[in-house]
Structures are given as structure tokens and as C-alpha cells.
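Chemist: Please read through the structure below; I'll follow up with questions.
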Amino acid sequence: MNVLQFFATHVDEILNATREHLALVVISMAIAVAIGVPLGMALVSRPRSRSAALTVANIFQTIPSLALFGLLIPLPLIGGIGMRTAVVALVLYALLPILRNTCVGLSNIDPAILEAAEAMGMTEPQILFRVRLPLATSVILAGIRTATVITIGVATIAAAIGAGGLGTFIFRGVAMVSDAVILAGAIPAALLALLADFLLGLLERRLRVI
Amino acid sequence: MTDIIIEFNDVEYQVSATPARPILSGVSLQIHQGETIALLGRSGSGKTTMLKLINRLRCLTSGKLLVEGQDVRDWDRIRLRRRIGYVIQEVGLFPHLTVQENVSLVPALENWSPARINQRFAEVMHLVGIDPAEYAARYPRELSGGQKQRVGVARALAADPAILLMDEPFGALDPVTRAELQQEFLALARRVSKTIVLVTHDVREALLLGTRVVLLDAGRIVAESTPLEFRQLQQPIARQFIAASELVAGAAQ
């Protein structure tokens, strides 16, 4: 069976898996952003805690994704089979690029600008929200963009622990030794990644200040 | 003599890592209302540090420093800084804000009414010779070096502070623009009647702009004089500055 035929006969199934995949990515990214950005902001004037947090995020990133999914299964509350475990793993993966870019963006500000802000009598929170954050926006977005593309790819592996998504076809295709079935999962996943990269890239350029 | 607005009394500043050689020591100086003090010295003489002690970007380690009669350590840092204008060589305009937003920042933080903020914006822009209507909506990246520095001065004057601190404000400009801004500075200083403390390593700038020149060397004040008497100073560092300025003048002829 060739690829086109498989697509034609399994349209509903593929669309459904794409929806599941998107849900996994969107939920994981929302949580990762909600943790990563505020955490980066909180660490702005705490260099030692910052490098500790970055090290921890780095360690998560080094664990092979399939192993991370497997390791999470036996854990209470966050573990088990299914979507919840997958989301936890994807959040851990997405955290590093978001946290790292937030930290870098917020701290790589021209010292003259920070000195002027301080000398003008801006308080620490005012400097954070009115100077650092707007100037770091495009760098933070670049981190979110990288994380999104990674998450779309890694989310295919979530099928291994029963979380559904486009990975379902890939695993099935591998088992059946069928390129058509593998591609039915791989092509939509690749298109999703390209589309997300393109759209977030547009947004990033829109919000660039300098 | 007029009122003393800033008073250094045996002030010392040192970084804990190098207690052997303080950055400033034994500094005593009275600055009167309406004066323009030129702090002159070589790089590392402590002149910028002296400036930063006044608005507490640095905190003195011993001695006493009074601003408007009150010890800087008793001032609320934020309140103190909003009463003091600050201009630096790199200007430090906020790149994500327009010229108007940059200039009006402190008045906005101080909750002035929008009408008063707009009126003050137009006033200070006229003072520094930039058309407020034409430049209000521009971003700093759309300005030349000279214009940036003018906007920087306007921003420092916006909340009408009694004291203006300037750290080599004209140092990064080309010679022609620098001379232009120095002349305008003189006219401006006369009009606004502020107390100005200006840091420079350029002896001609110090003599041109200062009503009093304070010479620093290795963290100590070595001489104080009027610009007219400066050339009679006998201290070695003063002679070096005079010789250097004459060398430049001689080469020009």
C-alpha cells in the first residue's frame, strides 16, 4: 500500500491523531511557559540559584526521551500510562530552552540602560517589568519557539506510553514494517513543526525591539 | 554664600576585596546651590564613584555625605534618585520606548497628570534644542549621537530636579558636536539654575563648563580652584593636566 492510498483511507484517524498530538503539545507548552518564564524572572537577581536551576533543566534534557517516559510510569501521581505522564515528560523537556532564554534575555541588557533605570529611581520590580522584560521578549520567544519544535517531535514518542498522538502511526508502522504507516505519522508531525516554527518566527520578529 | 546643597565630609569608599587601597578617601567638599562643579581626574581617580555616592548608586563606607541637609543613608533611595537628574556618556535611553516615553518616565512614575507631563516634555525638549512635536514618537535608534545625548539631558531634567549629575556627558560625541553641546550646556546651565556636578577627564571641558574645578587623584581631592586660577596650581597632577592641554593647543598651532 502506498502512502497516498493510506492517507486517503485513514483521513479521519490521521486528523484525530493530529488533534491529540496538538493537544499534547499545547498543554505541555502552556505549562512549561507558565513555569519557565516566571521562574527565569524570579532568578534574575539570584545568579547562584539561576545556575542551579539551569543545571537541573539541563539534566532533564540529557535523559533520552524514551527512557524519561519509561522512568515516569512507576511514579505516584504524575506517573502511569497515558496523557498525564506524557505531559509531565514534555514539560520537563521544554523547560530548558524556555528557562535558559528567559534568563539570558533578562540578564543580557546593556549595563548603561540598567544604570540609567536605577539612577532614575525605578524600583527593582519596575526595572524588571518595564525594562528587562520588554527588552527580553524576542529572546524569550525564541526559546519558546525552539521548545515548541522539540516538543512536537518528542511528543511522537508519547505514543509508547499510550498517550496517543501521531506517534501511534509511527510505532505501528515500525511494527508492521510499513513505510506508508510510518509516514502517516511522520509527515503531519513534520508539517506541524514547520508551521509552528514559521508562525512563532513571525511573532518573534514582530516583537523584536532593537 | 548661597546654601550648601551637597556636603562631603571625610568620605571614604572602598570595595571590601581591596581594603589596602580605598577608591576614595578623606574626601571633603561643599557644593553650593547653583554651582557647576567639574570633577576632574584621570581614569580611576574616583571621580565617577564620587558622583555615584551622591545618588547612592554606591554607598559610602565611612564619613558623612549630606544631600539637601540629610544624610544619604537616611534618604529613601528611590525618593533621592527621583530628585536628582543623571546623565551618562552612554546615555542609556530605553530602546523600546519613544523619545517622549523616555523623557516622561520619571514624571510618569511620580504620577503627574498627563497634561502636566506633556507640557513638561515640550518644555525640556525646547531647553535642549529638539523639536518636541517632530521627535516625540521617534525611537532612540532613529536619533544621531548628539540628539541622543540631548534627549538624555532632557530626560534628566524632566522631573525638575535641583541637582544634575553628569558623567562625561559629551565624551562619546565627535569634536564638532561636542563643542556645540558644550556651548549649549553653558546657556542651559545659566537658564535652569541647577546645581550641576560634572565628571570629566578633559581639562578644557572642566575649565569651560565648571564654575569651580575639583581635581582628584588616586581617590583624594588634591586641589580646588576657579577655572581662572587653575593654571596657577602647583600640584604635580595639576601641572600634568595643564601641560597636556597646552600640548594639544601647541600641536594645533
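The values are calculated or read from the model by the stated rules, or taken from the named source; none is laboratory data. Everything quoted here is computed from the prediction, not taken from an experiment. Positions of Cβ are generated from backbone atoms using ideal geometry, with glycine treated the same way; all protein chains shown enter the neighbour counts.
Chemist: Of the residues A:P76, A:P64, only one is within 28 Å of A:L183 (Cβ to Cβ), loosely packed, with under 15 Cβ neighbours inside 10 Å and free of Cβ contacts under 8 Å to residues at least 24 places away in the same chain; which?
Modeler: Result of the check over A:P76, A:P64: A:P64.
Chemist: Further question on the same structure: In region A:23-42, how many residues are among the small types (G, A, S) and under 11 Å from the mean Cα position of the chain (by Cα)?
Modeler: Residues that pass the stated criteria total 4.
Chemist: Continuing with the same structure: Can you name every residue in region A:73-92 that is farther than 16 Å from A:G164 by Cβ and under 18 Å from the mean Cα position of the chain (by Cα)?
Modeler: A:V91, A:L92
Chemist: If only one of A:L202, A:L207 is away from chain B (no Cβ under 14 Å), modelled with pLDDT under 95 and more than 22 Å from A:I59 (Cα to Cα), which one is it?
Modeler: A:L202
Chemist: Give the residue that is nearest to B:D160 (Cα to Cα), with candidates limited to residues of region B:69-95 that are among the β-branched types (V, I, T) and part of a strand (DSSP E or B).
Modeler: Among those that are among the β-branched types (V, I, T) and part of a strand (DSSP E or B), it is B:I84.
Chemist: Related question: When B:V11 is evaluated against the numbered criteria (1) among the β-branched types (V, I, T); (2) on the phi > 0 side of the Ramachandran plot; (3) away from chain A (no Cβ under 14 Å), which criterion, by number, is the only one it fails?
Modeler: Failed condition: (2).
Chemist: Go through (1) closer than 23 Å to B:L80 by Cβ; (2) at pLDDT 90 or above one by one and return the number of the condition B:V151 breaks.
Modeler: (1)
Chemist: Which residues, counting only those in region B:111-137, are of a type outside the set (A, V, I, L, M), assigned to a loop (DSSP other than H, G, I, E, B), surrounded by 15 or more Cβ atoms within 10 Å (Cβ to Cβ) and modelled with pLDDT of 95 or more?
Modeler: Hit for region B:111-137 is B:W112, nothing else.
Chemist: Here is a check on your reading of the model: is B:V103 of a type in the set (V, I, T), in contact with a Lys or Arg (Cβ under 6 Å, 6 or more places away or on another chain), surrounded by 23 or more Cβ atoms within 10 Å (Cβ to Cβ) and within 14 Å of chain A (Cβ to nearest Cβ)?
Modeler: yes
Chemist: Of the residues A:A196, A:A180, A:A186, which is under 17 Å from the mean Cα position of the chain (by Cα), at pLDDT 90 or above, assigned to a helix (DSSP H, G or I) and more than 14 Å from chain B (Cβ to nearest Cβ)?
Modeler: Testing whether each residue is under 17 Å from the mean Cα position of the chain (by Cα), at pLDDT 90 or above, assigned to a helix (DSSP H, G or I) and more than 14 Å from chain B (Cβ to nearest Cβ) leaves just A:A196.
Chemist: For region A:165-185, give me the residue count where each residue is buried (at least 18 other Cβ atoms within 10 Å of the Cβ) and over 18 Å from A:L68 (Cβ atoms).
Modeler: 9
Chemist: May I pose another question? In region B:14-42, which residues are without any contact (Cβ under 8 Å) to a residue 60 or more places away in the chain and either surrounded by 16 or more Cβ atoms within 10 Å (Cβ to Cβ) or small (G, A, S) (or both)?
Modeler: Scanning region B:14-42 gives B:Q14, B:S16, B:A17, B:A20.
Chemist: Could you list, in sequence order, the residues of region A:1-22 that are of a type in the set (G, A, S) and either in contact with a His (Cβ under 9 Å, 6 or more places away or on another chain) or crowded, with 16+ Cβ neighbours inside 10 Å (or both)?
Modeler: Result: A:A17, single match.
Chemist: Here are some residues: B:A189, B:A238, B:A223, B:A244. Which one is in a strand (DSSP E or B), modelled with pLDDT under 95, out of contact with any His (no Cβ under 7 Å at 6 or more places or on another chain) and on the phi < 0 side of the Ramachandran plot?
Modeler: None of the others qualify; the one that does is B:A223.
Chemist: Applying the selection to region B:23-57, what residues are among the hydrophobic types (A, V, I, L, M, F, W, C) and part of a helix (DSSP H, G or I)?
Modeler: B:M50, B:L51, B:L53, B:I54
Chemist: For region A:69-176, which fully contained helices (runs of 4 or more DSSP H) count at least 3 residues that are within 14 Å of chain B (Cβ to nearest Cβ)?
Modeler: Because the criterion is at least 3 residues that are within 14 Å of chain B (Cβ to nearest Cβ), the helices (runs of 4 or more DSSP H) in region A:69-176 that meet it are A:111-119, A:133-154.
Chemist: crowded, with 17+ Cβ neighbours inside 10 Å, within 14 Å of chain A (Cβ to nearest Cβ) and either part of a loop (DSSP other than H, G, I, E, B) or of a type outside the set (G, A, S) (or both): which single residue out of B:L164, B:L66, B:L60 fits that description?
Modeler: Going through B:L164, B:L66, B:L60 in turn, just one is crowded, with 17+ Cβ neighbours inside 10 Å, within 14 Å of chain A (Cβ to nearest Cβ) and either part of a loop (DSSP other than H, G, I, E, B) or of a type outside the set (G, A, S) (or both): B:L164.
Chemist: Determine which member of the set B:G146, B:G92 is surrounded by 18 or more Cβ atoms within 10 Å (Cβ to Cβ), modelled with pLDDT under 95 and within 12 Å of another protein chain (Cβ to nearest Cβ).
Modeler: Sole residue among the options that is surrounded by 18 or more Cβ atoms within 10 Å (Cβ to Cβ), modelled with pLDDT under 95 and within 12 Å of another protein chain (Cβ to nearest Cβ): B:G92.
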